[in-house]
Structures are given as structure tokens and as C-alpha cells.
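Participant: Have a look at the structure that comes next, please.
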Amino acid sequence: MQEPTPTMGTVDRLIQELNRLPSIGPKSAQRLAFHLLRTSAEEARRLAEAIMAVKERTRLCSVCCNITDTDPCSICRNEQRDQGLVCIVEQPQDILALEHTGVFHGRYHVLHGAISPTDGIGADNVRIKELMHRLENDQVREIILATNTNMEGETTAMYLTRLITPLNIKVTRLARGLPFGTELEYADDMTLTRAMEGRQEF
Ligand SMILES: [Zn+2]
């Protein structure tokens, strides 16, 4: 992709910048740019300010590494939430998904990635040090590993289990099984095997 240059037209420049965003192809970038051209100056300013605000006002929570405007974040500050139960996720957006279900009332820790030796991402490149530091001081009795169910997520979960088990903290992993709405005949071997292994009393 071409770097925007000062001689490039204003609209072209906007299209190129939008095109850099994930899952925004050239056609979508064009559509968004012309949409923005038609919106009021006020609306465009609100969007620009919202973009600047996430860059300028957010930081990582010093307890759980979630992205937040205030430190500690609202979840870590919430006395109603069980401090002894910590759910480990790869990305801040995973917290949104889990919070949406309303079933979890503990706290979180965000790794900001997963261990991936093939990509050169080791334990030092994700926020494991911060987690271990927290486990030394906080009264945590259970760690729930909610990393993704791909190779990187599994590697990370195994690494953390080895690290945390000696600390006399219970380590659990989110149950793996069939996604809701799955027809058995279309499930892959790995999913079916895990669903069978992880079966629970009904
Ligand atoms: Zn926090």
C-alpha cells in the first residue's frame, strides 16, 4: 500500500487511512470516506475526538492489565466482585464477551496475546509477569484459563498451569465442547473428542 503524501488529495488520503483498518478493504474504505464526506462537521468531529481520546486517555489497569480510563479499572475497584476468582483472557475484548453473559462475578487478567513459539512470542512478551506478581500478593484461590482454543491458547494455558499449580491455587479451564446449535455430524474430531472428555453430570 502507498504511503499518503502531502500532494495526495484529501479524499484519497482518508480512503488510504481507512483502508489500513482491519477488515476494511478498498471498496469499504471508499464507501466510508464518502459517507464521512456527507456527514455534518459536528458528527465528523465527534468521531475524530473519540479516536484521539482512546489514544490519549486510556492506559492499562495496574492490577489486571485491562484497558481503562481510571486505574484500577472499574472491575478491579468493584468490591462486589470475587477477588479470589481470576479469569485469564488473551485480549480486552474477551472480557466484553464474558461480561455480556453475566455469569462470571470474579475478576480478570488480560495477557494481551498468547505464547506462540513459531511467531517468536514467548512468555515474556505477554503479561504473565504481572499475573504472577499479583498472585503473590492477592488472595486468589482459583484461576480460570479462558485463553482461545487454538494452538497458541492451548500452549499458553499449559504454560500457566505449570506455573500456577505449585502455588496451591486451583487451576481450571473453560469447558470445551460443542458450540450451541451444532449438529453432531458436522463437528470436527477435536471438538467431539473434547466434548466427550469434558462431559458433565446432567
Ligand atoms: Zn483491572
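The values are calculated or read from the model by the stated rules, or taken from the named source; none is laboratory data. Every value quoted in this text rests on a predicted model; they were computed, and no experiment measured them. We place every Cβ from the backbone using ideal geometry, glycine too, and count neighbours over all the protein chains shown.
Participant: Among the candidates Thr161, Thr182, Thr149, single out the residue that is among the β-branched types (Val, Ile, Thr) and touching a strand residue (DSSP E or B) at 6+ places or on another chain (Cβ under 7 Å).
Facilitator: On the way: Thr182 fails: touching a strand residue (DSSP E or B) at 6+ places or on another chain (Cβ under 7 Å); Thr149 fails: touching a strand residue (DSSP E or B) at 6+ places or on another chain (Cβ under 7 Å).
The conditions single out Thr161.
Participant: Does any residue of segment 63-81 turn out to be away from the ligand (no atom under 13 Å from the Cβ), in contact with a His (Cβ under 8 Å, 6 or more places away or on another chain) and either on the phi < 0 side of the Ramachandran plot or modelled with pLDDT of 95 or more (or both)?
Facilitator: Yes, some residue in segment 63-81 is away from the ligand (no atom under 13 Å from the Cβ), in contact with a His (Cβ under 8 Å, 6 or more places away or on another chain) and either on the phi < 0 side of the Ramachandran plot or modelled with pLDDT of 95 or more (or both).
Participant: Only one residue in Ser23, Ser62, Ser28 is of a type in the set (Gly, Ala, Ser), without any contact (Cβ under 8 Å) to a residue 40 or more places away in the chain, over 27 Å from His133 (Cα atoms) and assigned to a loop (DSSP other than H, G, I, E, B), so which one is that? So that I can check it myself, show each step before the final result.
Facilitator: Numbers: Ser62 fails: over 27 Å from His133 (Cα atoms); Ser28 fails: assigned to a loop (DSSP other than H, G, I, E, B).
After ruling out the rest, the residue left standing is Ser23.
Participant: Starting from segment 70-86, take each residue that is small (Gly, Ala, Ser) and list its partners that are within 13 Å of the ligand (Cβ to nearest atom) and assigned to a loop (DSSP other than H, G, I, E, B), counting only C-beta distances under 8 angstrom and pairs at least six apart or across chains.
Facilitator: Here the result reads Gly84/Gly106, each pair linking segment 70-86 to a residue that is within 13 Å of the ligand (Cβ to nearest atom) and assigned to a loop (DSSP other than H, G, I, E, B).
Participant: Within segment 41-55, can one find any residue that is within 16 Å of the ligand (Cβ to nearest atom) and in a helix (DSSP H, G or I)? Quick ask: steps written out before the conclusion?
Facilitator: Just the residues of segment 41-55 that are within 16 Å of the ligand (Cβ to nearest atom), to begin with: none.
Checked against the condition, which is being within 16 Å of the ligand (Cβ to nearest atom) and in a helix (DSSP H, G or I), segment 41-55 yields no hits at all.
Participant: Let me ask another. Hey, any hits in segment 186-198 for a residue that's within 20 Å of Cys61 (Cβ to Cβ), of a type in the set (Val, Ile, Thr) and either more than 17 Å from the chain's Cα centre (by Cα) or outside any loop (DSSP other than H, G, I, E, B) (or both)?
Facilitator: Filtering segment 186-198 for residues within 20 Å of Cys61 (Cβ to Cβ) gives none.
No, there is no match, as no residue in segment 186-198 is within 20 Å of Cys61 (Cβ to Cβ), of a type in the set (Val, Ile, Thr) and either more than 17 Å from the chain's Cα centre (by Cα) or outside any loop (DSSP other than H, G, I, E, B) (or both).
Participant: Pairs, please: C-beta under 6 Å, at least 6 apart or cross-chain, first residue over 16 Å from Met151 (Cα atoms) and in segment 94-122, second among the hydroxyl-bearing types (Ser, Thr, Tyr)?
Facilitator: If the second residue must be among the hydroxyl-bearing types (Ser, Thr, Tyr), the pairs left are Ile95/Tyr108.
Participant: Also, I was wondering about something else. Sort out which residues of segment 135-163 are under 21 Å from the mean Cα position of the chain (by Cα) and under 13 Å from Cys87 (Cβ atoms), and write them in order of number.
Facilitator: Keep residues of segment 135-163 that are under 21 Å from the mean Cα position of the chain (by Cα), which gives 135, 142-161.
Glu142, Ile143, Ile144, Leu145, Ala146, Thr147, Ala157, Leu160 - these are the residues of segment 135-163 that are under 21 Å from the mean Cα position of the chain (by Cα) and under 13 Å from Cys87 (Cβ atoms).
Participant: Among the residues of segment 139-172 satisfying the criterion of being out of contact with any Gly (no Cβ under 9 Å at 6 or more places or on another chain) and of a type in the set (D, E, K, R), which is farthest from Glu90 (Cα to Cα)?
Facilitator: Result: Lys170.
Participant: For Glu201, are the conditions met, namely being more than 18 Å from Pro92 (Cβ to Cβ) and either surrounded by 16 or more Cβ atoms within 10 Å (Cβ to Cβ) or of a type in the set (Lys, Arg) (or both)?
Facilitator: No; evaluated as a whole, the condition is false for this residue.
Participant: Here is a list: His100, His133. Which entry is more than 16 Å from the ligand (Cβ to nearest atom) and either touching a strand residue (DSSP E or B) at 6+ places or on another chain (Cβ under 9 Å) or assigned to a helix (DSSP H, G or I) (or both)? Let's see the steps before the verdict.
Facilitator: Working: His133 fails: more than 16 Å from the ligand (Cβ to nearest atom).
Result: His100 is the single residue among His100, His133 that is more than 16 Å from the ligand (Cβ to nearest atom) and either touching a strand residue (DSSP E or B) at 6+ places or on another chain (Cβ under 9 Å) or assigned to a helix (DSSP H, G or I) (or both).
Participant: Separate question: Here are Ile144, Ile169, Ile121, Ile128: which of them is farther than 22 Å from Thr191 by Cβ and surrounded by 17 or more Cβ atoms within 10 Å (Cβ to Cβ)?
Facilitator: Numbers: Ile144 fails: farther than 22 Å from Thr191 by Cβ; Ile169 fails: surrounded by 17 or more Cβ atoms within 10 Å (Cβ to Cβ); Ile121 fails: surrounded by 17 or more Cβ atoms within 10 Å (Cβ to Cβ).
Ile128 is the lone residue from the list that is farther than 22 Å from Thr191 by Cβ and surrounded by 17 or more Cβ atoms within 10 Å (Cβ to Cβ).
Participant: Related question: Give Gln93, Gln16 a once-over and let me know the one that is part of a helix (DSSP H, G or I), on the phi < 0 side of the Ramachandran plot, crowded, with 16+ Cβ neighbours inside 10 Å and not aromatic (Phe, Trp, Tyr). First the steps, then the outcome.
Facilitator: On the way: Gln93 fails: crowded, with 16+ Cβ neighbours inside 10 Å.
Only one candidate passes the filter, namely Gln16.
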